[in-house]
């Protein structure tokens, strides 16, 4: 929720402390990329918004749900014919 802060500046500050991290400005794209990067036995923790169902940008509240986005990314990945379930 950047509210009135510049999202790029927030990311810049985070990346200063995590120089090996990937910068993905769109939260849904970031969740999708994280799901796609999972390997067998990996666990993904999507932190920061939890129970919230909106993204506050300026004075605007836009519908957004981390869990819904993660489920959609998993469904998308499973529908890809290249995806193979490990035994």
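The values are calculated or read from the model by the stated rules, or taken from the named source; none is laboratory data. All values reported here derive from a predicted model rather than from experimental measurement. Cβ atoms come from the backbone with ideal geometry, glycine included; neighbour counts cover every protein chain shown.
Of all residues in region 15-27, how many are loosely packed, with under 11 Cβ neighbours inside 10 Å and either under 11 Å from the mean Cα position of the chain (by Cα) or not in a loop (DSSP other than H, G, I, E, B) (or both)?
Total satisfying the criteria: 4.
Anything in region 60-77 that is assigned to a loop (DSSP other than H, G, I, E, B) and in contact (Cβ under 8 Å) with a residue 24 or more places away in the chain? List them, or say none.
Selection gives 64 alone.
Restricting to region 35-54, give me the number of residues that are in contact with a helix residue (DSSP H, G or I) (Cβ under 8 Å, 6 or more places away or on another chain) and either farther than 27 Å from residue 4 by Cβ or at pLDDT 90 or above (or both).
4
Could you list all residues from region 28-55 that are touching a strand residue (DSSP E or B) at 6+ places or on another chain (Cβ under 9 Å) and either loosely packed, with under 12 Cβ neighbours inside 10 Å or assigned to a loop (DSSP other than H, G, I, E, B) (or both)?
Matches in region 28-55: 49, 53.
State which residue is nearest to residue 9 (Cα to Cα) when the search covers only region 56-73 and only residues that are over 12 Å from the mean Cα position of the chain (by Cα) and surrounded by 13 or more Cβ atoms within 10 Å (Cβ to Cβ).
57
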